[in-house]
Each structure stands twice: as C-alpha cells, then as structure tokens.
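The values are calculated or read from the model by the stated rules, or taken from the named source; none is laboratory data. Quantities reported herein were computed from a predicted structural model and do not represent experimental measurements. Neighbour counts are summed over all protein chains in view; Cβ atoms, including those assigned to glycine, are modelled from backbone coordinates with ideal geometry. Surface areas here come from the heavy atoms of the whole protein model, side chains and all, with no ligands, DNA or RNA. Shrake-Rupley method; radii C 1.70, N 1.55, O 1.52, S 1.80 Å.
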Amino acid sequence: QVQLAESGGGLLQPGGSLRLSCAISASNASIRVMGWFRQAPGKQRSLVASITSRGTTNYADFVKGRFTISRDNGTNTMYLQMNSLKSKDTAVYSCNVEAKAIRSSIWMPYWGQGTQVTVSS
C-alpha cells in the first residue's frame, strides 16, 4: 500500500521561495523513482523533477537552476525547494512515485492529492 500526501503550497510573490513536502507511506513496497509534476490551468501535467532510489536527479529545463528535489530516507519524505519563483510556475504540484509490492514485478504509479502554488504580485 502506497500513500502520498503533499504540503507546503501557497500564495507568494514573484522571486519568492517555497518548499513543498511529500510524505510517503509505503508498506511492503519498493520505490524506484520519485518525482514532482505540475499542472497549470488548461495545460497538461508535466514533469518538474525526479529522483531515483540511487539519488540520480532529473529536472525539466524550465526549472533548472531554480528548483531542487531531495529526499529524506529517514522520514520517508520528498521535498521540492523552489526558488526565484515566476508567475508561470503557478500550478497544482503533485508528487508521484513508481512502486511495486515486494513480491510483485509490476511497477505502478501513485499520486498525491496535489497542492496549489500561486505566484502573483
């Protein structure tokens, strides 16, 4: 069973910073990659950043140098530090993991409920 819960969204001005958190509960499951996605009104959901079980990170071009993905294995929490925020970063941000039951070979995507980030002056 895998459950995700995001927190940390909010309203802030351009140039500000925000840290999103994703609490991950994964009993009897393995996770191979974690990530943050976002969806702005009228647009498709897109990958923001991801981190593998080995710590390899990947970022969308539009956030490189501004956002940092990290994880704390001790607390099973994933973070997205967002700096130099722009109005175009306004979206619902959702965390995602690819996981499988310990005795299964089938990897499945799991999603949190999403958290709203609004950047506006």
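Inside the range 57-117, counting only strands (runs of 3 or more DSSP E) that do not spill past its ends, which hold 3 or more residues that are crowded, with 16+ Cβ neighbours inside 10 Å?
Those strands (runs of 3 or more DSSP E) span 67-72, 77-82, 91-101.
What tally of residues in the range 8-24 results from selecting those that are open to solvent by 60 Å² or more (accessible area, probe 1.4 Å), not in a loop (DSSP other than H, G, I, E, B) and not charged (D, E, K, R)?
Final tally of qualifying residues: 1.
So, in the range 26-47, of the ones that are at pLDDT below 95 and surrounded by 12 or more Cβ atoms within 10 Å (Cβ to Cβ), which residue ends up farthest from Val63 (Cα to Cα)?
For the range 26-47, the residue satisfying everything is Ala29.
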